[in-house]
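Read-outs throughout are calculated quantities, based only on the coordinates presented, and are distinct from any laboratory measurement. Please read all numbers here as calculations on a predicted model, not as lab measurements.
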């Protein structure tokens, strides 16, 4: 599943900076998911390559917005994404 509304670094990174940032984003999301009492998927759809894309809400808070606010991602609404190694 892909998280809608956010671009985060990839674990299959092009550089060490991106790999460290990807691990930090993963760890942040994992901790938030584990701590949540209620997990809600909204606006579920099929994306590119037939993947599931959805908004994830944890106890009434948008996980994508939390990742962005914590510096682990940037807003994404489709199209070409920027690199993380610059």
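Taking a temperature of 4 °C and a viscosity of 1.567 mPa s, what whole-number D in µm²/s does Stokes-Einstein yield for region 1-42 with Rh from Kirkwood over alpha carbon pairs?
In µm²/s, the coefficient rounds to 112.
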- In region 2-75, what percentage of the DSSP-assigned beta bridges are antiparallel, given to the nearest 5? 85
- Query: Any idea what angle helix 16-35 forms with the longest principal axis of the chain, computed on alpha-carbon atoms, 0 to 90 degrees, nearest 10?
  - Reply: 10
- Query: Where q = 0.22, 0.25 Å⁻¹, what log10 of I(q)/I(0) comes from the Debye formula for region 2-75, counting one point per Cα?
  - Reply: -1.02, -1.19
- When the helices in the chain are scored as -39500 (n - 2.57) per DSSP H run of 4 or longer and the sum is shared across all residues, what 222 nm value do you end up with, to the nearest 500 deg cm²/dmol? -10000 deg cm²/dmol
